[in-house]
Each structure stands twice: as C-alpha cells, then as structure tokens.
Amino acid sequence: MQQRLILKILAGLTATVVIAVGALALMTRYNAPCEPAPPTAAGASGFTANLQRCYGDVDIVTLETLPVPELTPSEVLVRVHAASVNPLDKHFLHGTPYLLRLANGLNAPKSPRMGADFAGTVEAVGTDVTLFAPGDEVYGVANGAFAEYVVRNETGGMALKPANLSFEQAAAMPVAAITALQALRDKANVQPGQHVLINGASGGVGSYAVQLAKAMGATVTAVCSGRNAELVRALGADHVIDYTQEDYTEGNTRYHAIVDMVGNRSISAMLDVTEPDGVLVAVGNMKMNNWWGPLARPLHALVRSPFVSQSLEPLMAMTTAEDLTVLAGYAERGELEPFIDRRFTLTEVPDAIRYLERGRTRGKIVVNVAQ
Ligand SMILES: NC(=O)c1ccc[n+]([C@@H]2O[C@H](COP(=O)([O-])OP(=O)(O)OC[C@H]3O[C@@H](n4cnc5c(N)ncnc54)[C@H](OP(=O)(O)O)[C@@H]3O)[C@@H](O)[C@H]2O)c1
C-alpha cells in the first residue's frame with residue numbers, strides 16, 4: 001500500500017519535472033520580434049554600432065547610432081580600430097545553443113551590442129582607473145566590439161596591444177588565441193618533445209594552436225583539408241593530415257595530446273590514438289546542435305573522463321588580462337602571428353558573420369573600423 005503511494009508520488013514528481021522542462025524548452029526557443037530602435041535625442045553626439053534587437057539570422061543586424069556613454073569610475077572608453085569575428089558571435093546572434101539564452105536573455109538578447117574581440121586606443125578613463133591611460137593601445141574582449149567604441153572595466157579581459165602587431169592583427173587574437181593557449185598550457189600541459197595533434201588546424205583557434213604548440217617545443221601534427229596544408233606548414237606544423245584523404249584516428253601514431261576543435265570523431269576513436277597518459281582536449285564542435293551547440297562534446301568528455309586512463313578535458317576558455325599579456329609576449333618574440341583570411345568594414349558585419357558561418361575560414365576574419 002505504502003509502496004504504491006511512494007510510486008504514485010514519484011510518478012507525479014517525474015511528470016511535473018518533464019512538463020516543466022518541456023515548458024521551459026518551448027519558452028526558451030521562442031524568438032521575440034525585433035524591438036525598434038529608441039529615438040536618439042536631437043543634437044546628441046553618438047557613435048556607430050552593429051546591433052541585434054532580437055535573435056535571428058544576419059538580416060536582423062542593424063547599424064545604429066548610440067550615445068557615447070558616461071564612464072563609471074572603474075571604466076575605460078576605447079575607440080575601436082578593428083574587431084574580429086568568432087563562432088561565438090553567431091551563437092549570440094541566433095541565440096543558440098538555447099542554453100545560452102538562460103544567461104543572455106530568454107527570447108531576446110539582454111544587450112543588443114554585438115562582437116567581442118577588439119583592438120583600439122584608450123580615449124578616456126574613469127576617475128579610479130590606474131591600469132590604463134588615454135592614448136594606450138589595447139586589445140581584448142568587450143561587449144559590443146562591432147562598433148566605433150567599447151566600454152569595459154579596467155580589470156578583466158583587456159591588456160596592452162602587442163607592440164609589433166597592427167590593430168587588425170591584435171584584434172584577431174583574443175578569444176581564439178586564448179582558447180589555444182589554455183588548451184595547450186592549462187589542459188594538455190604540453191612539454192618540449194611531446195607530440196600534439198591539432199584537429200581543425202587551419203581555423204581561428206587551430207591556427208594559433210599550431211604556432212603555440214611549436215613555441216612550447218612540441219612536434220605538431222595538423223589536421224585540415226588539402227587546400228590548407230601549405231598554410232598550416234607555414235604556421236609551423238611538422239606533419240599534415242588531409243582529412244579528406246585520411247582519418248587520423250586510424251593511423252599508427254600515438255599523441256600525447258589531441259586538441260579537438262571539430263568534434264567529428266568519436267571520443268573512443270580519438271582515445272585509440274592518444275597515449276595512455278595523454279590528454280584529449282575537447283574545445284569545440286563544428287556541427288551545430290541548437291540545444292547543446294558546441295557544448296555537447298565537452299560535456300561528453302566530462303562524463304567519460306572517470307572511466308579511461310587518459311585525461312579528457314573539456315575547455316571553457318576565459319579571457320584574462322594575464323593571458324592577453326602572455327600572448328603579447330609570444331607575438332613580440334615572433335612566435336605567434338595572426339593569419340587574416342578576409343577583411344570587412346563595420347557596415348559589412350552581416351557579410352563577415354555569413355562568411356564565418358560557411359565553416360571554411362582560414363585563420364581569422366577581421367572587421368576594420370574606419371577612423
Ligand atoms: N571551448 C571554448 O572555450 C571555445 C573557444 C573558442 C572556440 N570554440 C569552438 O571551437 C570551434 C572552432 O573555432 P574556430 O574559431 O577555430 O572556428 P573557425 O575559424 O570557424 O574554423 C574553421 C576551420 O575549421 C576547419 N574544419 C572544418 N571541418 C573540418 C574537419 N572535418 N577537420 C578539420 N578541420 C575542419 C576548416 O578547414 P577546412 O576548410 O580545411 O575544412 C576551417 O579552417 C568552434 O566550434 C567554436 O565554437 C570553443
């Protein structure tokens with residue numbers, strides 16, 4: 001009798017959870033219509049920014065004039081010279097994976113500003129700012145980089161630009177190069193003489209990973225299509241596997257670390273070519289799933305990890321001032337140089353994102369902001 005009651009309660013609870021999750025799922029998927037831009041005060045000084053006033057495809061992107069914001073004491077105003085495009089920009093644009101909406105806005109983005117990676121010149125600083133001064137050339141990550149200005153707190157993801165790089169080169173670095181650095185240094189702990197395989201070697205993250213792994217003293221095998229073989233060799237790869245001809249998981253070579261940006265091979269197959277004490281770093285997944293998106297592979301790695309001898313390391317890269325400074329050091333020593341595939345202007349941001357969405361980018365896509 002009592003058992004039947006407990007079963008009934010459990011069934012009731014399960015049904016409630018299923019209905020709640022289903023309702024949340026439906027609510028999360030709904031795209032609110034684009035809000036019209038608020039009117040700008042007559043005579044107000046402003047700057048140009050690419051905005052998304054809803055979730056959708058590139059055709060919802062608008063170029064608008066925003067008022068130059070007042071700075072709080074800890075904020076820095078940067079005039080943007082160049083920005084770069086990352087897969088995360090398309091995730092924010094579409095609001096996918098839907099999980100992202102829990103933080104970014106359920107049916108429409110909380111902030112309409114677009115873009116993250118930037119390089120520019122500090123124009124003004126808040127009264128308490130000590131780390132930066134007007135005239136400093138900086139690079140980093142800020143909300144709204146596809147614009148003439150960004151504002152960000154002085155601490156966090158901003159540092160002095162590498163002295164030997166142009167603004168567009170510096171803008172091409174933050175998210176992708178930090179991801180490569182944290183994958184190789186923090187997750188794979190790459191040491192001189194170890195053999196590292198980079199899957200997705202010709203893309204934004206991969207093009208930096210090849211160079212950084214070489215700078216760390218590793219032997220590097222780059223996996224890319226044949227058309228990019230010459231590029232990754234020029235970046236420093238010792239061996240190149242053309243994925244259209246050969247499956248790297250079926251070869252005889254064992255790698256200390258596999259850094260995977262593509263997610264096109266099963267974790268078991270990748271472990272077959274990872275040394276028993278090696279590391280598999282799950283960075284991304286080029287196949288888009290609207291619920292989990294690029295998070296699927298890292299989450300899978302997390303679940304499998306306790307049952308294998310190798311380390312399965314999901315990566316969620318964090319942009320920090322310290323790592324931007326580390327990367328500036330690599331660039332200034334001549335060990336890291338961005339490869340720029342295509343350049344766009346501020347009015348061409350939708351084209352830039354469309355270009356990225358093809359999934360065929362070589363190195364990075366840059367948006368130059370006219371000065
Ligand atoms: N975990 C994190 O914190 C984090 C941070 C940044 C990025 N990511 C993720 O990492 C992934 C890569 O980012 P990204 O900026 O490098 O993207 P990307 O620049 O758009 O990558 C494009 C490159 O992927 C290559 N590619 C496509 N299919 C391939 C395959 N089957 N095998 C090998 N290469 C292939 C393409 O080369 P071909 O034209 O030769 O095929 C192209 O060069 C994305 O999923 C992104 O969301 C994760």
Calculated FRET efficiency for the pair HIS91/ALA133, C-beta based, R₀ 45 Å, to 0.05: 0.85
With DNA, RNA and ligands ignored, accessible area of ASP57 (1.4 Å probe; Å², nearest 10): 90
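Run through the DSSP bridge list for the chain and note the antiparallel percent, rounded to the nearest 5. Could the numbers behind the result be given before it?
On the way: 34 of 61 bridges.
Approximately 55 percent, going by the DSSP bridge assignments.
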Dipole moment magnitude, nearest 20 debye, the chain about Cα centre, only Lys, Arg, Asp, Glu C-beta charged: 1200
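So what is the 222 nm mean residue ellipticity for the chain from helices alone, if each DSSP H run of at least 4 adds -39500 (n - 2.57) and you divide by all residues, rounding to the nearest 500 deg cm²/dmol? Let's see the in-between values first.
Values: 11 runs with 108 residues, N = 371.
Value at 222 nm, helices only, nearest 500: -8500 deg cm²/dmol.
Return a whole-number percent for the relative contact order of the chain, with Cα pairs under 8 Å and 6 or more residues apart as the contact set. Don't skip to the answer; put the middle values down first.
Numbers: 837 pairs, mean separation 63.6, N = 371.
Averaging sequence separation for qualifying contacts and normalising by length gives 17 percent for the chain.
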Where labels lie 7 Å past Cα in the beta-carbon direction, separation of ASN107 and THR40 in nm: 2.9
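Any idea what the relative contact order of the range 231-295 is, in percent, if you count C-alpha pairs under 8 Å spaced at least 6 apart?
28
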Charge dipole of the chain about the Cα centre (unit charges at C-beta), most positive-ward option of ALA301, PHE118, GLY284: ALA301
Length released on extending from ARG360 to VAL303, taking residue separation times 0.36 nm less the Cα-Cα span: 17.5 nm
Cysteines not pairable in the chain (beta carbon separation under 4.7 Å absent): CYS224
Residues GLU250 and LEU71, FRET efficiency given R0 of 56 Å [Cβ-Cβ distance, rounded to 0.05]: 0.50
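Output needed for the chain: three equivalent-ellipsoid semi-axes, defined as square roots of 5 times the C-alpha gyration tensor eigenvalues, in descending order, whole Å.
Values: eigenvalues 236, 199, 69 Å².
Calculated on Cα positions only, the semi-axes equal 34, 32, 19 Å.
Below 8 Å, C-alpha to C-alpha, sequence gap of six or more: please give me the relative contact order for the range 175-314 in percent. Each step should come with its number before you reach the end.
Numbers: 295 pairs, mean separation 27.9, N = 140.
Across the range 175-314, relative contact order equals 20 percent.
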Among GLY217, VAL151, PRO87 - extreme Cα towards positive end, dipole of the chain, charges at beta-carbon: PRO87
Solvent accessible area, Å² - CYS34, 1.4 Å probe, full protein context: 60
Of LYS187/LYS364; LYS90/LYS364; LYS161/LYS364; LYS110/LYS287; LYS90/LYS214, pairs whose Cα-Cα distance is over 20 Å: LYS187/LYS364; LYS110/LYS287; LYS90/LYS214
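Report the full-extension gain for the segment ASP351 to ILE6: residue separation times 0.36 nm, less the Cα-Cα distance, to one decimal in nm. Write down the numbers at each step before the final one.
Values: separation 345, 0.36 × 345 = 124.20 nm, distance 5.81 nm.
Here the answer is 118.4 nm.
Using 0.36 nm per residue of separation minus the Cα-Cα distance, give me the extension gain between SER268 and ASN289 in nm, one decimal.
Details: separation 21, 0.36 × 21 = 7.56 nm, distance 2.07 nm.
Working it through step by step, the gained length comes to 5.5 nm.
The values are calculated or read from the model by the stated rules, or taken from the named source; none is laboratory data. In this text the structure is predicted, and so the values were computed from the model without any measurement. Cβ coordinates were reconstructed from backbone atoms using ideal geometry, including for glycine residues, and neighbour counts include every protein chain displayed. With ligands, DNA and RNA removed, areas are computed over all heavy atoms of the protein, side chains included. Shrake-Rupley method; radii C 1.70, N 1.55, O 1.52, S 1.80 Å.
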